[in-house]
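The values are calculated or read from the model by the stated rules, or taken from the named source; none is laboratory data. All of these numbers come straight from a predicted model, not from anything done at the bench. Backbone-built Cβ (ideal geometry, glycine too); neighbour counts: all protein chains shown. For accessibility, only protein heavy atoms count, side chains too; no ligands or nucleic acids. Shrake-Rupley method; radii C 1.70, N 1.55, O 1.52, S 1.80 Å.
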Amino acid sequence: ISILSIVEGWEDLQYAGIASVIFGIPPVAIKAWRTVRRRQIDANVMMVIAAFGALFLGEFDEAASVAFLFAVSEFLEARATAKARRALGAIVSLRPDHANLINRSTGETTIVPATSVPVGSHVSVRTGDKIPADGVVEEGTSTVDESSLTGESRPISKLPESLVSGGSINVGQTRLVIRTTSTVDDSAVSRLIRLVEEAQSNRSPTEKLVDSFAKRYTPIVLTAALLMCTIPWLWGVEVGRYW
């Protein structure tokens, strides 16, 4: 809206830029303050200075442009982060909370936390239950939904000696008895969760390059701007105002 002030008769719209700065700059200013406290300077610091500098010079449309663009970037970043968190939450929900542990000597089944199931144990996986850990089918013939792990939409038939993955679901009509070959923490779904968490925490080479460039570029730009605002005044008021 503030940019429309270039139209003759709409000059008062330039003051809308003040509202843009008030509502758009605070999130950026918070990041800039955190950066300054670490005795560093980045693009957030430069944009805050640019926005308030434009306001000080009366260039309200310029200040509005800076605030608007950074507000959009903050919105997109928050949206991407929320989407990644939802995806991670969906993957974490695949990990079972409990397991039906079979006592081979008595044949009794006990419900225990999935994390306490050791390697080599026998667990009962009824229809609708999640397989607690990677293992091998000992008894039963059924179908298992592995779509959450492999993307395969159709359930996979499992026979004795078939391999199964932790986090998949028994969707057939028959109970399966599984001999575990890994713990819950070493199962396929747990490895998938760790990979996703590492992917979210690690930055891409492009991000690292941009951050490295910004650390050098931003101080140079700010120093150049400061020199242009101060040194010309040594040659007189007219020269200083010109620059």
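Here are the numbers for the structure shown:
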{"read-out": "Length-normalised contact order of the stretch 110-243 in % [C-alpha pairs under 8 Å, at least 6 apart]", "value": "25 percent"}
{"read-out": "DSSP-loop trypsin sites (Lys or Arg not before Pro) across the stretch 54-118, with at most 13 other Cβ within 10 angstrom", "value": "R104"}
{"read-out": "Unit charges on C-beta of K, R, D, E only; dipole of the chain, Debye", "value": "700 debye"}
{"read-out": "Leading residue at positive end of dipole, the stretch 76-234 (Cβ point charges), from I178, A214, C229", "value": "C229"}
{"read-out": "Normalised alpha carbon radius of gyration of the stretch 23-85 [divisor 2.2 N^0.38 Å]", "value": "1.19"}
{"read-out": "Surface accessible to a 1.4 Å probe, per residue, for the residues of the stretch 45-148, Å²", "value": "55 Å²"}
{"read-out": "Electrostatic dipole magnitude of the stretch 116-183 [Cβ: Lys, Arg +1; Asp, Glu -1; Cα centre; debye, to 20]", "value": "140 debye"}
{"read-out": "Options (i) 0.99; (ii) 1.30; (iii) 1.01 - which one matches Rg/Rh (Cα atoms, Kirkwood Rh) as calculated here", "value": "(ii)"}
{"read-out": "By average C-beta atoms within 10 angstrom, highest first, the peptides 26-37, 231-242, 128-139", "value": "128-139, 26-37, 231-242"}
